[in-house]
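Report on one structure; see the data block that follows.
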């Protein structure tokens with residue numbers, strides 16, 4: 001649980017850093033103007049990372065991938081297939097309760113349709 005929270009916070013921090021860097025039109029000025037939480041030496045390392053070919057390539061790929069998503073995932077932390085499975089299970093349970101209150105009839109209680 002703590003690991004998940006810390007990972008999310010770190011991603012948010014990296015996002016804020018990158019947004020701060022991108023919003024500055026002059027990259028030299030951006031390197032000299034870090035966000036409050038980062039000292040100047042660490043900020044320069046981050047700027048080098050944001051300027052790297054590898055980062056830009058990955059960023060472009062991700063932008064392209066996000067643009068191809070037709071239907072955004074809005075079911076929360078669970079995958080769509082897990083939600084469908086749970087809905088099907090809930091439906092099966094509801095149908096079972098409607099037909100025989102969830103109790104299987106014994107051999108003597110079964111009705112003959114003849």
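FYI, it's all coordinate maths here, none of it is from the lab. For clarity, every value in this text was computed on a predicted model and none was experimentally measured. Glycine gets a Cβ as well: all are built from the backbone with ideal geometry, and neighbour counts include every protein chain shown.
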Requested in this report: Neighbouring Cβ atoms within 10 Å as the yardstick, rank 1, 6 fewest first.
Outcome: 1, 6
Report summary line: Rounded to the nearest 10, the angle in degrees between the Cα long axis of helix 80-100 and the longest principal axis of the Cα atoms of the chain comes to 20
Query raised in the report: At what distance in angstrom do the alpha carbon centres of region 10-28 and region 49-85 lie from each other?
Result: 19
Report task. Can you tell me the FRET efficiency between residue 19 and residue 71 if r is taken as the Cβ-Cβ distance and R0 is 41 Å, rounded to the nearest 0.05? Result -> 0.95
**Report entry** C-alpha long axis of helix 2-23 to longest principal axis of the chain, angle in °
**Finding:** 40
Requested in this report: With 10 Å bins from zero, work out the P(r) of region 2-64 over every alpha carbon pair and list the percent per bin.
Outcome: 20, 49, 28, 3
Report summary line: Reviewing [x] 58, 17, 10; [y] 40, 30, 11; [z] 60, 12, 4, the figure for semi-axes √(5λ) of the Cα gyration tensor in Å actually calculated from this model sits under [x]
Report summary line: Rounded to the nearest 10, the angle in degrees between the Cα long axis of helix 40-51 and the longest principal axis of the Cα atoms of the chain comes to 70
